[in-house]
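No value in this document is a laboratory result; all are computed from the given coordinates. These numbers were taken from a predicted model, which means no experiment stands behind them. Note: ideal-geometry Cβ built from the backbone for every residue, glycine included; neighbour counts use all protein chains shown.
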Amino acid sequence: MQLNYGWTEYEVKEKTWQLLTNDGSIWVKIDMKGNFLNIATGDRKHLTEIYGFIKNCTNSEGVIIAKRKKYGNPLVPMKKKRIKIS
């Protein structure tokens, strides 16, 4: 029996501010409906179109809150660590 322990699309939509995909594209959330804007190209897509390609998720403070190790693996929440910038 395999357990689902990764984030769903709903959790990504509610908690994430910025996404990094496998091809290196950065997507920024533009509204609470789940629409994201590609910084480089200006494309707008809904989360369902890019969910499978997400590598990591960042919150509004710039902290990575979820990460995917390999393509096909679940999106796993990160442990709470504070990054000290000196």
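What to note about this one:
- Within the chain, longest stretch clear of exposed trypsin sites (Lys or Arg not before Pro) (DSSP loop, no more than 11 other Cβ within 10 Å): 34-68
- Integer Hz, Karplus 6.51/-1.76/1.60 couplings in order for the range 62-69, x for Gly and Pro: x, 9, 5, 10, 8, 8, 10, 5
- Virtual paramagnetic centre 7 Å along Cα→Cβ of T48, amide N under 19 Å, in the range 18-33: 29-33
- Estimated FRET transfer efficiency (N38, E9; beta-carbon r; R0 22 Å; 0.05): 0.75
- Rounded, prolate or oblate (a/c below 1.5 giving rounded, otherwise prolate when a/b exceeds b/c) for the range 9-77 by Cα gyration tensor: rounded
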